[in-house]
Ligand code: ZN
């Protein structure tokens, strides 16, 4: 297998995960989780979204949270839906901004009640204010691998949006499988198209596990040469506009698999498992992540944490 020596994970539970909760998680508890992520060696966190607190009350503490995050070595991104959000995020000292448009007109209309062109035009002001303040912008493309309203999404549609992001100065493009419709062959095709048509584009893959294919998709992308992925502690997350959307790839499960395969993530497995268990305890219900239940592979560590499986 042709595998890269290292991979960078961008932790999205504080935004994608906390956004998907029914109730507001108090800021102190969010900070406890972010602190535990920092201790595990996470270097990139999508910390929150500067959205209207009426529309998304779960993230109404965005400015307060950003004022209190542990700064040290971590790069904090904030999602912004409009210029006001971008201004607030910059004032709150976000290190990066993330803007989002859907790959299909139907999903974008449902999500933000605008056409794709209207969304992209609205981002011009965000790119301008970000440039003025020397803050990098990442462009995300929702439903890149399939849309619940349209079905298949042509790779060329995703490439076109990526091109318009890059021409506006975006440093990276996130290809999000918002509804978990990607399969390993589609991922290979998409990554291949990017390598052919936008070979210098820095792409980040964001997989949801609605149909159980997320880890296979990650492996497929990895063998195709992708080294940047979004993951969420415990496998939290889900699109609030997609009924029963499943979570993201669990960070600790991805760290486990990659490190076992000799791929460096810079993240401490035991510490990230502790962080996932803390999150589960705070939320009070079971999360999809598997490695926090089974423990690491090292029998000395596993025995101490979850006991040895007695059955088959
Ligand atoms: Zn997501």
Förster radius 45 Å - calculated FRET efficiency between residue 2 and residue 52, Cβ distance, rounded to 0.05: 0.50
Förster radius 30 Å - calculated FRET efficiency between residue 28 and residue 297, Cβ distance, rounded to 0.05: 0.30
Counting all C-alpha pairs of region 47-200, share separated by more than 21 Å (%): 47 percent
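How much length, in nm to one decimal, is gained on full extension between residue 132 and residue 171, taken as 0.36 nm per residue of separation minus their Cα-Cα distance? Write down the numbers at each step before the final one.
Numbers: separation 39, 0.36 × 39 = 14.04 nm, distance 1.52 nm.
The span from residue 132 to residue 171 would gain 12.5 nm if fully extended.
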On Cα atoms only, tilt of 116-132 relative to the major axis of the chain in degrees: 80 degrees
Most mobile of 235, 212, 262 in a GNM of the chain (Cα contacts under 10 Å): 262
Relative contact order for the chain, counting Cα pairs under 8 Å that sit 6 or more residues apart, in percent: 19 percent
Kirkwood Rh and Cα Rg combined as Rg over Rh, evaluated for the chain: 0.95
Footprinting exposure proxy for 107, 206 (fewest neighbouring C-beta atoms within 10 Å first): 107, 206
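Let me have the 222 nm mean residue ellipticity of the chain computed from DSSP H runs of 4+ only, each contributing -39500 (n - 2.57), with the sum over all residues rounded to the nearest 500.
Result for the chain: -12500 deg cm²/dmol, rounded to the nearest 500.
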Crossing angle, helix 214-223 versus the chain [Cα axis fit, 0-90 degrees, rounded to tens]: 80 degrees
Nearest 10 degrees, 0 to 90: helix 27-39 Cα axis against the chain principal axis: 70 degrees
Residue 152 versus residue 282: modelled label distance in nm, points set 7 Å from Cα along the beta carbon direction: 4.3 nm
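Averaged over every viewing direction, what's the projected area of the C-alpha convex hull for region 62-153? Give it in nm², one decimal, please.
6.5 nm²
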Listed residues 256, 285, 165, most fluctuating in the chain (Gaussian network, C-alpha, under 10 Å): 285
Burial ordering of 114, 186, 297, fewest other beta-carbon atoms within 10 Å first: 297, 114, 186
Nitroxide proxy distance, nm - points 7 Å out along Cα→Cβ at residue 84 and residue 114: 1.3 nm
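Here, each number is a calculation from the coordinates, and none is a lab measurement. Quantities reported herein were computed from a predicted structural model and do not represent experimental measurements. Don't worry about glycine lacking a Cβ; one is built from the backbone with ideal geometry, like all the others, and counts go over all protein chains shown.
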